[in-house]
Amino acid sequence: MAAEKLSTDIRREQIVAAALQLMSESSIRRLTITAIARRMGLAPSALYRHFRNRDAMMSAIFEHIRTRLFRNIETVRQESNDAVDRLRGLLDRHIGLIRKEHGIPGIFFSDELWGRQSERRRKMFRIVTGYLAEVEDIVREGQSRGTIRKDLDPAAAARLFFGIVQPAILLWHMSEGSFDIDGHVAATWPVYVEALTGEVRAD
């Protein structure tokens, strides 16, 4: 039974990965069970065994994004006890996630969120606000240890952190990958650190 469940989980992950790959190449409106099955070299019926319809598959994609974001939080917490180092590690992992899974920006800028699908918009809002809450916690931990200014609003610091990422992703997505994200991070990170600590920290 355990082996059978693992096989199902792996297949679902493969389907989600194929869906994200397709979204990186074309409009999200063209994302269908049939198109994903064709990409995977499977019959559509093989996918319907795992997802009853497109809505169920989109829910799995949203859950995939949530899992990746929060896994990054867990990883940086294990890698360092320093809040600023954690935030830098999180920034790098966030950018790395978008580079690896090009279809994710397409979801943020698609009708799946900004059209009539208000439930999906609310779901993504919950994912993002949950992520920001974790960033706030990292800022508070830095404040308690004296590495981040105590007069700083943690919520504002978390949103400012997210503000480093989202404009870069938007420009990168709009330019079809030609925007220099590394240059953007190199230019904005010292500014953010100075806002957090009141001093310039070498990268």
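For this structure, a couple of remarks:
- Every listed requirement among (1) open to solvent by less than 60 Å² (accessible area, probe 1.4 Å); (2) out of contact with any Lys or Arg (no Cβ under 7 Å at 6 or more places or on another chain); (3) closer than 22 Å to Glu194 by Cα is met by Asp92 save one, (1).
- Residue in segment 70-83 that is over 23 Å from Arg126 (Cβ atoms), in contact (Cβ under 8 Å) with a residue 40 or more places away in the chain and buried (at least 19 other Cβ atoms within 10 Å of the Cβ) present: yes
- Segment 26-96 holds helices (runs of 4 or more DSSP H) entirely within its bounds, and those carrying 3 or more residues that are within 29 Å of Arg149 (Cβ to Cβ) and modelled with pLDDT of 90 or more map to 54-79.
For every residue, the table says whether it meets (1) at pLDDT 95 or above; (2) in contact with a His (Cβ under 9 Å, 6 or more places away or on another chain); (3) farther than 24 Å from Ser59 by Cα; (4) of a type in the set (Val, Ile, Thr).
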site: Ile98; (1), (2), (3), (4): no, yes, no, yes
site: Ile107; (1), (2), (3), (4): no, no, no, yes
site: Gly130; (1), (2), (3), (4): yes, no, no, no
site: Met174; (1), (2), (3), (4): no, no, yes, no
site: Ser178; (1), (2), (3), (4): no, no, yes, no
site: Val193; (1), (2), (3), (4): yes, no, yes, yes
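- Checking each residue in segment 152-203 for being assigned to a helix (DSSP H, G or I), touching a helix residue (DSSP H, G or I) at 6+ places or on another chain (Cβ under 6 Å) and open to solvent by 60 Å² or more (accessible area, probe 1.4 Å) picks out only His173.
The values are calculated or read from the model by the stated rules, or taken from the named source; none is laboratory data. These figures come from a predicted structure and were not determined experimentally. Please note: Cβ atoms are built from the backbone with ideal geometry, for glycine as well, and neighbour counts cover all protein chains shown. Just so you know, the surface numbers come from the protein's heavy atoms only, side chains and all, with ligands and any DNA or RNA stripped out. Shrake-Rupley method; radii C 1.70, N 1.55, O 1.52, S 1.80 Å.
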